[in-house]
1. Out of Ile558, Ile520, Ile540, report the one residue that is under 30 Å from Glu487 (Cβ atoms), out of contact with any Lys or Arg (no Cβ under 6 Å at 6 or more places or on another chain) and in the same structural domain as Trp586 (by TED's automatic domain parsing).
2. Just need a number here: residues in region 1-41 that are of a type in the set (Lys, Arg) and at pLDDT 90 or above.
3. If only one of Leu163, Leu173, Leu229, Leu237 is surrounded by 17 or more Cβ atoms within 10 Å (Cβ to Cβ) and under 17 Å from Gly137 (Cβ atoms), which one is it?
4. Of all the residues that make up region 51-71, how many are part of a loop (DSSP other than H, G, I, E, B) and modelled with pLDDT of 60 or more?
5. For region 436-453, which residues satisfy the criterion of being of a type outside the set (S, T, N, Q) and either outside any loop (DSSP other than H, G, I, E, B) or surrounded by 14 or more Cβ atoms within 10 Å (Cβ to Cβ) (or both)?
6. Which of the numbered conditions does Lys342 fail, given that it passes all the others? Conditions: (1) surrounded by fewer than 18 Cβ atoms within 10 Å (Cβ to Cβ); (2) among the basic types (Lys, Arg); (3) touching a Gly at 6+ places or on another chain (Cβ under 8 Å).
7. From Lys616, Lys667, Lys601, which residue is touching a residue at least 60 places away in the same chain (Cβ under 8 Å), among the basic types (Lys, Arg) and touching a Ser or Thr at 6+ places or on another chain (Cβ under 7 Å)?
8. Anything in region 201-237 that is touching a Leu at 6+ places or on another chain (Cβ under 7 Å) and of a type in the set (Ser, Thr, Tyr)? List them, or say none.
Amino acid sequence: MNKEEAKKRIEKLKEVINYHRYLYHVLDRQEISDSALDSLKKELFDLEGRFPEFITFDSPTQRIGGKPLDKFKKVKHLVPMLSFNDAFSKDDMKEWQERISKLLNDREKKELDFYCELKIDGLAVELIYEKGILKIGSTRGDGEIGEDITYNLKTIEAIPLRLREKGEVIKALEKEQADKEVIKAVKEYDFKKPIIVRGEVFISKDDFRKINKEREKNKEPVYANPRNLAAGSVRQLDPNVTASRHLDSYVYDLITDFKDKTHDQKHQILKAFGFKTNPYNKYCRDLEQVFKFYSRVIGLREKLYYEIDGLVVIVNLNKLFKKLSVVGKAPRGAVAFKFSAKQAATIVEDIRVQVGRTGALTPVAVLKPVRVGGVLISRATLHNEDEIKRLGLKIGDTVIVGRAGDVIPDIVKVLPELRTGREKEFKMPNTCPFCGSRVERKRGEALYYCTNNKCFAIRRKYFYHFVSKKSFNIVGLGPKIIDKLIEEELISEPSDIFKLKEGDIASLDRFGEKSAQNLINAIEKSRRINLPRLIYSLGIINVGEETARELSKEFGSIENLAKASFERLERVKDIGPETAKSIYDWFVNDKNIGFLNNLKKSGVIIEQEKVSIGGKLKDITFVLTGTLKSLTREDVKEKIINLGGNVSESVSKKTDYLVVGEEPGSKFDKAKELGVKIIDEQEFLKMI
């Protein structure tokens, strides 16, 4: 990106970020997710880092929040209330440490340690106590001036209205074996002077759900997240409304100087004064300890009664923190180490067309690589031409991308306000991009299809599906080898795979005797297949894993399924007319029946599915989300099915349990909303 392009991109990003920040901080509502806005801010921060000549005083990176609302008195903060720059990975954290280390001398680098706080999804507030009594409570506002919300904050039981007496504070510090210099500083401090602290006001997960359910019942708009609800609650003109929301609070910073030397000591003093401090906050000697704590918190996250979106990592030594000073809107000595974003903004660099195993043409967005949910994404399916029109998408657009069902990259929204005028319209091709044959759109469908049944792209995609993990699971037989086998005319249909000999494979490039033998062994091992996997491997349109299992239970053998009438197929659980027709059409095709016969002749053995009808999970429906540690998703599905249970891909009122791993996605929120029982991996293992 050259200077002129960077300048234009920076201006566009500032406009969009300021708009969404105004919605978020001033009006307590939002049109895009927090993680998507975070990624836009990070792009702006990175661009300004590369082109500092374009940094202006009004950039979102140089300010803190929105302007205060007019309905409350204004309060000027003695010390600005800053926010933090974001980090999303270990590499980001290491880069942050490298940046700040350059500003320290050798002795100071050796002293560098950290204090970690859970980053709660709430509203930052400042509390001023005079002669031990809560005098003023205010919001962050724009960082310099906030809103006076004292009466509302007084309704929160976690916030003390009166601080403990000096003697009580000293006794508490001595009991906790606090550092001697801390005790001495407290003894010497004049308690008649103001004491200023800062913290977070938030709402519990349960209360958040209850309030939204009540609003739904009253046909009122629901709150997008706990932070919005907390912000809306403390900004009520009637304190009784605030009191009814049962807000909570943790205090995390001491602004008054007690000659404390570390951030850790600040927390010792705050706790002794009677403030509620988070028990999970932790001192970390170095970044390795920070990373271990981060991993531990990910495991704790779902068990906490409040929402968090990461850690705040602070340079522990106050003298180093002060030396590092402030850059733009944020202190250099602290960073928000956020959990992997569920959504992020990126750019569609191109749209290419893929041809699937059924001949369907699918447009795929080529993305500027971006990390979503801990995974680097560079492609996202656009499904069909109608979806591109619905999104209003052009090549070159900035988009918000997520992961549908926690897995599949998906474009959620287009941001047309970031267009430069160089974006291009996309049109579906008239001919197949692989074989050049005519394409056509079938009546009543959104997809275009290649009309050439012998198209190489169709053949190879079907082979890929046939040998995949959920089908015959032939380990070691990947796309490149399949492509080569087809090109060399060693296979023309999947049954030919089971006729291959060592010599056929050893003759291919980069194959030796040993590797050829390994592949032949893997093929031999896969000759036995249960009925659901076989049905799934056939690649029948609209027949996924769940439908294959239902067909297996219903008909018991491939022969019975092949004889089934359209009406009989329609009566199978969860099978509609469209799926029933595609199954019926597949089995009345003589070519497909010939293919099944060839499979049997080549030595494939079809085993009936082993389902424990009276198993301990009989008729219990599970949904899985996140990454599991000790089991793969396939292992979990197999265990559930073998014990008589059901596995669904989506959460509904019929779901009995959601099994949650690390970094769960939208299914977790849906389960909470519907009141579905949520269990972790260990609870599931105990259950089975």
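The values are calculated or read from the model by the stated rules, or taken from the named source; none is laboratory data. Not measured: the values here are computed from a predicted model. A quick note on method: Cβ atoms are made from the backbone with ideal geometry, for glycine too, and the neighbour counts reach across all protein chains shown.
1. So the residue among Ile558, Ile520, Ile540 that is under 30 Å from Glu487 (Cβ atoms), out of contact with any Lys or Arg (no Cβ under 6 Å at 6 or more places or on another chain) and in the same structural domain as Trp586 (by TED's automatic domain parsing) is Ile540.
2. The qualifying residues number 5.
3. Details: Leu173 fails: under 17 Å from Gly137 (Cβ atoms); Leu229 fails: under 17 Å from Gly137 (Cβ atoms); Leu237 fails: surrounded by 17 or more Cβ atoms within 10 Å (Cβ to Cβ).
Leu163 is the lone residue from the list that is surrounded by 17 or more Cβ atoms within 10 Å (Cβ to Cβ) and under 17 Å from Gly137 (Cβ atoms).
4. Qualifying residue count for the region: 8.
5. Within region 436-453, Arg438, Val439, Glu440, Arg441, Leu447, Tyr448, Tyr449, Cys450 qualify.
6. Going through (1) surrounded by fewer than 18 Cβ atoms within 10 Å (Cβ to Cβ); (2) among the basic types (Lys, Arg); (3) touching a Gly at 6+ places or on another chain (Cβ under 8 Å) one by one, Lys342 breaks only (1).
7. Lys667
8. Selection gives Tyr223, Ser233.
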